[in-house]
Amino acid sequence: MRIECVNCHNAINIPDERLPKGKAIAFPCPACKAAIEINLRSRSSQYDTSLSQRKQKDYIKGDALKKKILRTVDNLPPMPQTVLKAREIMANPKSDFKELGELLETDQAIAAKVLKLANSTYYGMSGKVSSIQHASVVLGHKTLGELITMGGVSSLLGKTLDGYGLDAGAMWKHSLGVAFGSRIIAKKRSPALLNDAFTSGLIHDAGKLILDQYIVERWDLFEEFMADGQRTFLQAEKEILEFDHSEIASEVCNSWRIPKHMTIAIKYHHHPSDSHGSELAYIIHMADAIAMMSGIGLGIDGMLYQIDDKAMEFLNFQEDDISSIMDEVQKAVQQISE
C-alpha cells in the first residue's frame, strides 16, 4: 500500500502483508514525524470485551505463563561463547588485535560472518578485507569487537516472527538500527557507554524471540484488543499476557550472562523513566524510537510507538538531533545489509 503523509506529502510504501488487517493504525512520518493514520477496519468491527474475557479463560497468563516461558529460555540458542569472550577481551585495556584474531580462529562460522560484514559498504572496505588479521589492522580494535557481536547474533535475529508481523530479516535490520542509533547517541551523550550501548541495542528485543509463539496462539485476543486503533501492541502484551517482551528479554540476558546494567537497560527500554536513572535505558529507548520513525523493521508493534515523556529532556535532545541521527541510522543499516 502506498501511503502519503498529509502534512509533508512524503510517500511511504508498506507491503500489504505487513499491514494488520481489520485495524486502525497510526505511526510517525519518517520525514516530518507527523502522525499518519490508516483505517483498515470495516465499520462493523468492534472490540467484544465479553468475547475476549471468555477466550482469555482458555489461556494461562501472568505468573503461571511466565514460569512456563522461563522454563523454555534454555531452549533458546545461547549467546555464542565467542561473543562473550570478545566482550571480555574488549573490556581489558591491555588486550590487542592478536587476542581477538586468535579467538576468531576457534569459531570459523562467526569469522566468516565477520569478514562479510567487514567488506560491507558501511566500513568503506568493500571487497578489500581478506582476513581477520587484515580486518584488525584496517578497521581497528573496537570495530572488530563490534563485528564479532554482530556476526554472533545475526542468525538468531534473522528469524521470521509472525506474531510481531516481522518477516525474515526485518528484526535483524531493526536491531541493527537500534544498535547504531544507540552508539551514535552514546557517543554524543556518554562515550564510556559506547560499546555497551551498541550491544544492548542489538539484543534489546530478544524477548520477542520467545514470546512470538504465545502471541500467535492468542492472536484473536490481540486483534480484538487493538481493534480501535488506539491501544499499542505493548499494552496488548500487558493486558493479555500480564507482562511484555522487555521483561522476558531481561531473563534471556541473564541466561546469556549479559552484565546487569545492560540487562536493566533492556528491561526498561520502553519505559526508561522507571529504570531509576539508567542512562543506557534512555539511550536504547530513543534509538528504538528513531529506528521506528525511520521505518526500519516496523512490525505491528511499532505502529503506535510511544516515546517516554522524559526521554528528550534526560538526553538533552532537540528535534534536529533526531533528524540527523535518523539519516545516519538509515544509511548504516542500508550499507550493512547490502
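Structure above, values below:
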item: Selection count, the range 133-149, where residues are crowded, with 23+ Cβ neighbours inside 10 Å and aliphatic (A, V, I, L, M); result: 4
item: Which numbered condition LEU70 misses (of (1) assigned by TED's automatic domain parsing to the domain that holds ARG218; (2) without any contact (Cβ under 8 Å) to a residue 24 or more places away in the chain; (3) under 18 Å from THR263 (Cα atoms)); result: (2)
item: Condition check for SER250: touching a residue at least 12 places away in the same chain (Cβ under 8 Å), crowded, with 24+ Cβ neighbours inside 10 Å and assigned to a helix (DSSP H, G or I); result: no
item: Verdict on GLY177 being within 25 Å of GLN213 (Cα to Cα), surrounded by fewer than 24 Cβ atoms within 10 Å (Cβ to Cβ), out of contact with any Leu (no Cβ under 7 Å at 6 or more places or on another chain) and in contact (Cβ under 8 Å) with a residue 12 or more places away in the chain; result: no
item: Residue in the range 205-213 that is in contact (Cβ under 8 Å) with a residue 40 or more places away in the chain, over 24 Å from GLN330 (Cα atoms) and over 16 Å from the mean Cα position of the chain (by Cα) present; result: yes
item: Qualifying residue in the range 254-267 (condition: over 18 Å from the mean Cα position of the chain (by Cα) and within 27 Å of ARG218 (Cβ to Cβ)); result: yes
item: Helices (runs of 4 or more DSSP H) lying entirely in the range 267-338 (those with 1 or more residues that are in contact (Cβ under 8 Å) with a residue 60 or more places away in the chain and within 24 Å of ALA11 (Cα to Cα)); result: 279-293, 319-337
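Yes/no matrix, rows are residues, columns are (1) surrounded by fewer than 18 Cβ atoms within 10 Å (Cβ to Cβ); (2) modelled with pLDDT under 90; (3) closer than 24 Å to PHE314 by Cβ:
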| residue | (1), (2), (3) |
| --- | --- |
| LEU161 | no, no, no |
| TYR164 | no, no, no |
| PRO191 | yes, no, yes |
| GLY207 | no, no, yes |
| PHE222 | no, no, no |
| GLN235 | yes, no, yes |
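The values are calculated or read from the model by the stated rules, or taken from the named source; none is laboratory data. None of these values were measured; they are calculated from a predicted model. As a convention, Cβ positions derive from the backbone with ideal geometry for all residues, glycine included, and neighbour counts pool all protein chains shown.
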